[in-house]
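Data block below; observations after.
The values are calculated or read from the model by the stated rules, or taken from the named source; none is laboratory data. Predicted model only: the values in this text are computed from it and were never measured. Here the Cβ is made from the backbone with ideal geometry for all residues, glycine too, and neighbour counts use every protein chain on show. Areas reflect the complete protein model, heavy atoms only, side chains present, ligands, DNA and RNA absent. Shrake-Rupley method; radii C 1.70, N 1.55, O 1.52, S 1.80 Å.
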Amino acid sequence: YVSSEYAQTHPNILPSIFKKKYRNTSLEEHQVLMELEEKFPLISNISENIKSIFTFAFSEMFNNAIEHSQSKIISIEVSLRNNKLSFIIEDFGVGVFRNIMKKRRLNSITEAIQDLLKGKTTTMPKSHSGEGIFFTSKASDLFILDSFGYQLIIETLTDEIKIKQISTSKRGTRVIFEIVADSSRHLNDVFKKYTNLKDNSDFGFDKTEIRVKLFTESGIHISRSQARRILSGLEKFKIILLDFEDVPVVGQAFADEIYRVFQNAHPDIEIKEENMSEGVRFMVERAKNEAKKK
């Protein structure tokens, strides 16, 4: 046993990892955070900006496990090693992707992951905004959702998003969050990037980013139905940014559905594009010009 004052000045003597399993009965995330503060004092030594990010991310993900997973047991692992702060929250319940697919009546796990990436996707709209996973992933350096053989991997530093199907199937959901302990990232900046972006904003979640390549396996977007799949649920936003990286070409029907049909139905929504190839740019500009004529 050592005093808290001694521990603060000799952090090397403190444990670098905290593990515990909780029974999901009357469980509350703030109580677990209080226990972490007491039993894992290294958390107290991190900078305020990282502590804010950790508190937000851990609370959101642990609450998801409590309220969505239907798991009897939830386990956590928090570590601070080699200047990296990380946590793993693991449940043994229904699985995040399967739950979204079932509740939203989608056709596949891939469609569930696609909807999750848009933001504002929740299976409990009366009590949840659906923003937790979106903003947690944006606040991290590395964010992984692992559930029943599927992984969603988001690497913020390299701006990469991957969807993997793996041979080892994890029952329930495992959330992995990682950030460099001396990162200069601030939680307020993460929120500001996606909120209060229009003059008539109510300080809500205004903007979403869509990686178009994730909505097809071939990388080529031709059909109107593919465009409708991308646009599903986006009427809740005021700014939509379509990222066409690694998309070589899109079809006339695909572009028409976005820039004429959807835009005419939602004239107050601003649609932006980035990383367009020449082929994509031609079809997008053509669709925009055709929309102006009608």
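At a glance:
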quantity	calculated
Residue ID - modelled with the lowest pLDDT, chosen from residues in the range 124-152 that are out of contact with any Ser or Thr (no Cβ under 9 Å at 6 or more places or on another chain) and open to solvent by less than 30 Å² (accessible area, probe 1.4 Å)	Phe135
Every pair of residues 6+ apart whose Cβ atoms lie under 8 Å, when the first sits in the range 60-82 and is open to solvent by 40 Å² or more (accessible area, probe 1.4 Å) while the second is part of a helix (DSSP H, G or I)	Glu60/Gly132; Glu60/Ile133; Glu60/Phe135; Glu60/Thr136
Any chance Ser218 is small (Gly, Ala, Ser), open to solvent by 70 Å² or more (accessible area, probe 1.4 Å) and modelled with pLDDT of 85 or more	no
Selection within the range 4-56 - among the acidic types (Asp, Glu) and modelled with pLDDT of 90 or more	Glu28, Glu29, Glu35, Glu48
Count of residues meeting criterion [open to solvent by 20 Å² or more (accessible area, probe 1.4 Å) and either under 29 Å from Phe215 (Cβ atoms) or touching a Cys at 6+ places or on another chain (Cβ under 9 Å) (or both)] in the range 91-113	14
Test: residue in the range 251-260 that is closer than 23 Å to Lys164 by Cβ and either touching a residue at least 40 places away in the same chain (Cβ under 8 Å) or buried (at least 18 other Cβ atoms within 10 Å of the Cβ) (or both)	no
Enumeration of residues in the range 168-198 that are open to solvent by 20 Å² or more (accessible area, probe 1.4 Å), over 21 Å from Ala65 (Cα atoms) and touching a residue at least 40 places away in the same chain (Cβ under 8 Å)	Val180, Asp182, Ser183, Ser184, Arg185, His186, Leu187, Phe191, Lys193, Leu197, Lys198
Of all residues making up the range 261-284, the number that are open to solvent by 60 Å² or more (accessible area, probe 1.4 Å) and either within 26 Å of the chain's Cα centre (by Cα) or farther than 20 Å from Ser225 by Cβ (or both)	9
